[in-house]
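S.K.: Dropping the structure in here first, questions after.
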Amino acid sequence: MPDVHVLVNDFLNNLKKRKIEGSQATARQTAELLRSVISQQRVSYTNQAGALMDAVRAVGEQLIAANPVELAVGNIVRRVLHIIREEDLSLTTAAIAGLGVSAVSDDDDDAEGNDHPVLSAASLAAAARSTLRPPSLQTLLEDVPDSAAVPHTSSSGGDSDGKSRSADKSSRTRKLKHDVIEAVNELIQDITTCHEQIAEQAVEHIHQNEVILTLGSSRTVLEFLCAAKEKKRSFRVFVAEGAPRYQGHLLAKELVTRGLQTTLITDSAVFAMISRVNMVIVGAHAVMANGGVIAPVGLNMVALAAQRHAVPFVVLAGTHKLCPLYPHNPEVLLNELRSPSELLDFGEFSDCMDFGNDTSSPLLHVVNPTFDYVPPKLVNLFITDTGGHNPSYMYRLIADYYSADDLVVQRRPTGGS
Amino acid sequence: MEARRPSRAVIDPKVRHVGFFAPAANPLPGPSSTLLSGSPAGNSLSPVMIPPPRHPSDRSPAVPVPDTGLRRQGSDHVPVGSYNPSESLLSSSPAPSSPSGRVGLADGEFSEESDGWYRYRRSGSGTYDLPLPDTAPEKALDNPGKSSAAPVLESKKPAHVPEKSGKAVVEEQNELQSSSKPLKEKTTKAERRALQEAQRAAKAAAKDGNKSAAVSGGGPLSKPVKQPSIKKDAPPVSLSIPASDKKGSDRPPEKERKKDVPPPRMQFDDKSRVEKAKRRAVVNQTEARNRVELFRHLPQYEHGSQLPDLESKFFQHDPVHPAVYKVGLQYLAGDITGGNARCIAMLRAFKEAIEDYSTPPEKSLARDLTAKISSYVSFFTECRPLSISMGNAIRFIKSRIANLPLNLSESEAKAAVCSDIERFINEKIILADNVIVRHAVTKIRDGDVLLTYGSSCVVEMFLLYAHEMGKQFRVVVVDSRPKLEGQALLRRLVANGLSCTYSHINAISYIMHEVTRVFLGAASVLSNGTVYSRVGTASVAMVAHAFRVPVIICCEAYKFHERVQLDSICSNELGDPDVIAKVPGRMDVNYLNNWSSKENLQLLNLMYDATPSDYISMIITDYGMIPTTSVPVIVREYSREHLFV
């Protein structure tokens, strides 16, 4: 599997060099990479799920380390791990069910399974969800110690299963891989269509003659606004340019070409204009488990201004942006400083940045962060592809997509080696 | 004097409503009152203020100069009681429109251009009461009047407000103001026009009469003295005729207040007025194409087209003095920016123009010069909308001209005005800055991280001064497009050896974690505590507030204004929209190179914004360090003083 190595290394390089723009593209590419990793992974007869997860984890660890700020990578790695867990569990339960209920031959069982792999996987995953999920009312009502011991049960169940039913091992292995790849494909599909899914809800949130403010550029926001426009809503948009990247110019241009009344303002004029704005709609870089948002720089200021004027602050985020981690000091730890040349002309200020003076530290520092952290109390609504949610609900939404054991991706390899 | 006391007592109850007071109301006997008003103790400041080192001349207003005497003369001569009841009636119920209210109203109707005329007339009528302005007796007359008026207040007010003599007049005027305001809305436009027309006719008649009088009487100097007498044909110096006195005395304070209220600003969505203004305009403006709907009330012109046009006309504009013209062009080109720089440039240009000025025959200096200044002002306005601080300075000059003693010769009068202007620059701007810097430097400690936004000259002076004093601190310069004024500031600070961090306004939340103080400049401080400043200041203050970092505004008191504003939209200035689309030095940002072809796209280049007062911890001004709630106090104190300077 040298080609996988090449792929992984290419992607690592791109991540390190920050060549991939936007969390959506990153998420999609990560998912595609993991798909090929899974498909190329040779799976032993015992503990196939564990082997797949180890492989994914090993790659995922590298990817996360390559760009720790791009949380979408970690999100996708965790989602894939979660998928493997779910598929494995559903297969196990199906096998157990098949064993218990009928005495049909294994081959028939497999054939049936192959006919409706997704369906059975989905239904069984739903059944098994109670064991994978963190405590919910359902799990509380069921046996508590059982759910606590889930990972062991599943893997050891697989093991014992494998031992007891060695006859159908090869077919089951293929089936697991196949199911996982199917599910990852679905995930990729979700990522690519999240814009449309979010945009579908636009009409529910934008009314006639509304004034909307946004900062910088986000494809989700663009699609959202255009969807509302297509539904014959007429409204105007204030676009703050989003220095120092000035993506707002791009967004304004796109909006104008689609026939929306657009006004481009400087970032400093946000506070002045927000009193005449009905709603702030922005995109996000990542949504943390506490409902806080890692967003393009400047949005905390916008959110504060919106709060001051009681303007709803709406964040659009695809589910791939939901990050199961809780932020700690996100302004510093989940941030990235870009080149000062975006702010100051090196040629003009080269003498000021000269280190040649006898003083040890330079007199001039330039700070050019990429992201802002918007605390959950400043966000009024999240719109994801599954609908609108409160910031306080984010942790629950996240529990649907991630398994609690995958939150720390590095743990297993470091413990194992 | 004896007649005045009781009448004052009639007013007092109204005055007392304004501030803190104790019920014991009898005016104190002479000696203690003079002590109060005369001694610096009368100047006691509130606990929130650190008494600033006063400029030597700051005290001078306590000794009234002759012209103030003129103004007060009118009210001194009048048995105030004769009109007072009606006034109190007015204040209690604004509905009835008494004739006196109407008259005052009509006066207030004059806009900036006609402003000079009525002021001139008022001073004329003022002098008329006392034909030969003799300074010494006036002072003698004036001072007791003051001391009798002041103690009433000062004895009752706790030392909350920097108290100065002559306050009662201001107080009273405030009352009048508030009472006459609702009236103003009542009269229809037609009515007002009719009144204005009548007055104009009267004026014309007076002029004609005057001319004949002048022919017979000779000297142009006698003219202003005679004119009011013919016009009003009021009896000469009299203390006893209530009817004419009512007119003569009732009006000045009212007008004084009217004048203090800024004339309603030109609204550029009013088509007829815009047309009128256009006909008068020197600068050829073309309307911007894609105007922002929300800002139709503000002028939005094409930028860049006027300058060459004006430059070519440099030698053709007789009415505009070259110095003024030059400064106007500099405004237009953006060579002079910043409140203080613009104001000083304007004042210097006025000074030059006044030095070269000679009164045309058959015209009075006060009147003609005021008209001249007004025309210059409108030229400046065409070049770039006036800042509030400039408006204050213009009011100062006009009041100085209007209050010139009439016995001065032309050269003396010119010299007086010029020295006044110079003094304004020195005291109100340069010295004030020094005082502010002294105050501000007490507010920083070693190890502080100070944040400033844009480029304010006071803040810059303060930072350099603090550095000179050996304080150890770091500066964070936050900047924003399109002006990027912070870069120039950054360069100067670094050149002086200060340790700086530079960032842009979007990164404010990131950088605010390490900041311990925010120092900001202001274009103006409005009397509701709103700080009107470079766009973005509000955001910076807001974020600082959210991070619990004190926000300190440095602003000279001459920039304080009694206007109030709640948002940044009603009154603002729009810059050149083209600079929004172009990002200099960034080749990769060129998405909007052909924006003007697109109908749906508007570019908005807002120049100022209004920072709500609750984001501001403190305002450092030349009068000390005050909370935003004390701004109206300073405004009231200052506007009175500024007439007396």
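S.K.: Say R0 is 60 Å: what FRET efficiency, to the nearest 0.05, do A:Asp10 and B:Gln267 get from their beta-carbon distance? Kindly include the intermediate steps, with their values, before the conclusion.
M.R.: Working: r = 62 Å, r/R0 = 1.03.
Plugging the Cβ-Cβ distance into 1/(1 + (r/R0)^6) gives 0.45.
S.K.: In percent, what relative contact order does region A:193-406 have, based on Cα pairs under 8 Å that are 6 or more apart in sequence?
M.R.: Numbers: 412 pairs, mean separation 46.6, N = 214.
RCO, region A:193-406: 22 percent.
S.K.: For B:Leu451, B:Leu566, A:Leu89, write out the residues from largest to smallest accessible area, computed with a 1.4 angstrom probe and no ligands counted.
M.R.: Solvent-accessible surface, decreasing: B:Leu566, A:Leu89, B:Leu451.
S.K.: Partner chain Cβ atoms within 10 Å, averaged over the residues of B:291-299 - can you pull that number for me?
M.R.: 2
S.K.: Under the classification rounded if a/c is under 1.5, otherwise prolate if a/b is larger than b/c and oblate if not, where does region B:331-409 fall, given a ≥ b ≥ c as square roots of the Cα gyration tensor eigenvalues?
M.R.: It is prolate, given that a/c is not under 1.5 and a/b is the larger ratio.
S.K.: From the phi of every residue in region A:395-405, what ³J(HN,Hα) in whole Hz does the Karplus formula 6.51 cos²θ - 1.76 cosθ + 1.60 yield, where θ is phi - 60° and glycine or proline is x?
M.R.: 4, 6, 4, 5, 5, 6, 9, 10, 9, 4, 7
S.K.: Out of the DSSP beta bridges found with both residues in region A:193-406, what percent are antiparallel (nearest 5)?
M.R.: Bridges in region A:193-406 that DSSP calls antiparallel: roughly 35 percent.
S.K.: Could you work out, residue by residue across A:292-304, how many beta carbons of other chains sit within 10 Å of that residue's beta carbon, and then give the average as an integer?
M.R.: Working: counts 0, 0, 0, 0, 1, 8, 8, 2, 8, 12, 3, 2, 8.
Average neighbour count from other chains, rounded to a whole number: 4.
S.K.: Continuing with this model, one more query. Counting only residues 5 or more places away or on other chains, whose amide H sits under 5 Å from the amide H of B:Leu520 once H atoms are built in the peptide plane?
M.R.: So B:Leu520 has HN proximity to B:Ile552, B:Ile553, B:Cys554.
S.K.: Separate question: Tell me, what ³J(HN,Hα) does each residue in region B:384-398 have, in order and in whole Hz, if you take phi through Karplus 6.51 cos²θ - 1.76 cosθ + 1.60 with θ = phi - 60° and put x for Gly and Pro?
M.R.: 7, x, 5, 7, 5, 5, 5, x, 5, 5, 5, 4, 4, 4, 5
S.K.: Right, here's the next one. Name the residues of region B:468-501 whose accessible area falls by at least 20 Å² when all protein chains are present instead of the chain alone, probe 1.4 Å?
M.R.: When all protein chains are present, B:Arg481, B:Gln487, B:Leu490, B:Arg491, B:Val494, B:Ser499, B:Cys500, B:Thr501 each give up 20 Å² or more of accessible surface.
S.K.: Strictly over 18 Å apart at the Cα level, which of B:Lys372/B:Lys414; B:Lys326/B:Lys428; A:Lys17/A:Lys321 would you flag in this model?
M.R.: Checking Cα-Cα distances, B:Lys326/B:Lys428; A:Lys17/A:Lys321 exceed 18 Å.
S.K.: Which three semi-axes in whole Å describe the equivalent ellipsoid of region B:322-471, each the square root of 5 times a Cα gyration tensor eigenvalue, listed largest first?
M.R.: Each semi-axis is the square root of five times an eigenvalue, giving 36, 18, 10 Å.
S.K.: Can you give the accessible area of B:Asp356, probe radius 1.4 Å, in Å² rounded to 10?
M.R.: 100 Å²
The values are calculated or read from the model by the stated rules, or taken from the named source; none is laboratory data. Because the structure is predicted, anything quoted here is derived from the model rather than measured. Here the Cβ is made from the backbone with ideal geometry for all residues, glycine too, and neighbour counts use every protein chain on show. Heads up: the accessible areas ignore ligands, DNA and RNA and are worked out on the full protein's heavy atoms, side chains in. Shrake-Rupley method; radii C 1.70, N 1.55, O 1.52, S 1.80 Å.
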